[in-house]
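Structure first, commentary second.
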Amino acid sequence: MSKKPLLLAAIAALATLSCKTEVPVPEIIPQPEEITVNEGVFKIAGAPVVIGEGIPEAAVKAINDFSAQVELVSGKKTKEGAPAVSYVLNDNLGAEAYALNVKKDGVTVEASDFNGFFYAIQTMKQMLPPAIYGSVPAKGKWVLPCVSIMDSPRFAYRGLLLDCCRHFFPVEEVKKVINLMSIHKMNRLHWHLTEDQGWRIEIKKYPRLTEVGAWRNGTQIFRRGETDGVRYGGFYTQDELREVVAYAAERGITIIPEVDLPGHMIAALASYPELGCTGGPYEVMQYWGVHKDVLCVGKEETFTFLEDVLSEVMDIFPSEYINIGGDECPKVRWESCPLCQKRIKQLGLKDKDGFKKEHYLQNYVTARIQKFINDHGRKIIGWDEILEGDLAEGATVMSWRGTKGGIKAVGKGFDVVMSPNTYCYIDYYQTKERDKEPYRIGKYLPLEKVYGYEPMEGMPEDGEDHILGVQCNLWAEFLKTEVDLEYQLLPRMSALSEVGWIPKGTKDFDRFRASLDHMKDIYEQLGFTYCKAQWGLVGLPGHEIPARSAEELDTLDYNKVPFMEQ
Ligand code: ACM
Ligand code: ZN
């Protein structure tokens, strides 16, 4: 061994030794970029707040809410003249970044935008007892450790997909999840709102979408063919959707709605059968998977329908991006539909580069909808299938079939959001003991694997600028209740939050796992169900576990996605 490593090791050992005599590094998820811990604490209970010039109004509200919350839980009224928490606008800091300096005689928070101030508050909350998230006075050490933090996100897009179609979750539960995302400094909720199994957005011009399309006559409970026969459904009114958009915005979160097209549209076809190639009849699907009936794109009425729907959607959701889906669109109906074939002929589409002409018909749909959305000042994002064949400049690709779609898209100069099923599909089982877990879809995706995801893996070297960020996807095929939803979400969403936030090469599973003990207390304070496998308990006590062997679970068709309804 050369001298240098020995010297470094000695310095590291000394540093560790000196750290041990100091205050421990606070357990914060996602871990801040730079954190220095000093001796001493700041008494936040009773501390007045000083709000500097030019701080955005929404941030002032968040600051005052936090101050009121400290007052409530600590039971201590603000004392004029006591050491203060000062908030200062600092335009030199980047988007969503913040600097937090906690000293015994005062705290300074600096940021340049709403999210920066809001995230500084989230960091302070994580350094306080979990009762800070409660609504009653609580005994506790209402002090912040003296720290100096400089923090900013690695990626601008740190998302979660919530599928409220396969199962419907009420507004209150969606808000609960938004709250949890904001604690983790996640800032995009990809809201999956239209599907074969249910249409969930009220569209004033097409009332049957929610009168008919929001309801199904049963739900697949295990294998295909096994349905519970119980009528099921629900939808969000436009007022409710606007309320959720505003609630999310107050927490630094943009909601990106998904209208999945031209496949995954059976609920719309059941409502308006004339939009299909065969004319139906169609029934809102009771089973999971991919259906061969899709929108007929040979008909102009289909585009009128889509544009009308998207106009209402854009009116509700002010997001820069609108997700247009584009995944799993079989072309069987188009192959035999005279109108779709006529459109193919008119457009002069041909089989090319290993793709059939019907593939290029989907490209035509994507491009036409992209133009419509761009004309309204927005951008499209879609699943990686939209890349197959041709894709117009300006589209963003969401890589879900592993990472290859994202890698290819970056190679072609497109922006991407990485949500590969291999790392980010948190609807999959999270332990290997599948016969002890509630019944779920798909494969095994443990916490460590989610945490270990490196979005640059396999990417062109200069590709990072094209990676907008990462997203974990919570599909809800077998998530019947809020307990199911939360159990799948946690703690893997906590792991994904670090993938999106902390600098490349700085992740450390052992450190994250240790911090998770504190985060778990926050889950409990907020009343979340979570998977306790990390704390030695597999499964969900009191929850029905289907008596099926692990071998039988392996034989299921939806463990080999995608599959198609015949
Ligand atoms: C997908 O999971 N079908 C995007
Ligand atoms: Zn057709």
Mean separation of Cα contacts under 8 Å, 6 or more apart, over the residue count of the chain: relative contact order %: 14
Between helix 492-501 and the chain: long-axis angle, C-alpha atoms, 0 to 90°, nearest 10: 80
Cα gyration tensor shape of region 100-179, rounded if a/c is under 1.5, else prolate or oblate by comparing a/b with b/c: oblate
Column: log10 I(q)/I(0), Debye, Cα scatterers of region 207-312, q = 0.13, 0.21, 0.22 Å⁻¹: -0.59, -1.16, -1.20
Under-25-angstrom lysine pairs by C-alpha in region 369-454, whenever the two are 8 or more apart or on separate chains: 14
Sparse-neighbour loop sites [GluC sites (Glu not before Pro); region 144-231; at most 16 other C-beta within 10 Å; DSSP]: 226
Rounded to 10°, Cα long-axis angle of helix 114-126 versus longest principal axis of the chain: 60
Length-normalised contact order of region 435-501 in % [C-alpha pairs under 8 Å, at least 6 apart]: 48
Carbon plus sulfur fraction of accessible area for the chain, probe 1.4 Å, in percent: 53
Peptides 101-113, 278-290 ordered by average Cβ neighbours within 10 Å, highest first: 101-113, 278-290
Sorted peptide list for 307-317, 421-431, criterion being average Cβ within 10 angstrom, highest first: 421-431, 307-317
Lysines whose Cα lies under 21 Å from that of residue 331, excluding same-chain neighbours fewer than 8 positions away: 292, 299, 342, 345, 350, 352, 356, 357, 560
Degrees, to the nearest 10: 300-316 long Cα axis against longest axis of the chain: 20
Over the chain: helical MRE at 222 nm, DSSP H runs n ≥ 4 each giving -39500 (n - 2.57), nearest 500: -10000 deg cm²/dmol
For region 133-201, the fraction of alpha-carbon pairs in successive 10 Å shells from zero, as %: 15, 32, 28, 17, 7, 0
Prolate/oblate/rounded label for region 291-415 (Cα gyration tensor, a/c 1.5): oblate
Overall Cα dimensions of the chain, principal axis frame, Å, largest first: 77, 55, 55
Accessible solvent surface per residue of the chain, calculated while the other protein chains remain in place, 1.4 angstrom probe, Å²: 40
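The values are calculated or read from the model by the stated rules, or taken from the named source; none is laboratory data. Worth saying up front: this structure is predicted, and the values here are computed from it rather than measured. Cβ coordinates were reconstructed from backbone atoms using ideal geometry, including for glycine residues, and neighbour counts include every protein chain displayed. Note: areas computed on protein heavy atoms with side chains; ligands, DNA, RNA excluded. Shrake-Rupley method; radii C 1.70, N 1.55, O 1.52, S 1.80 Å.
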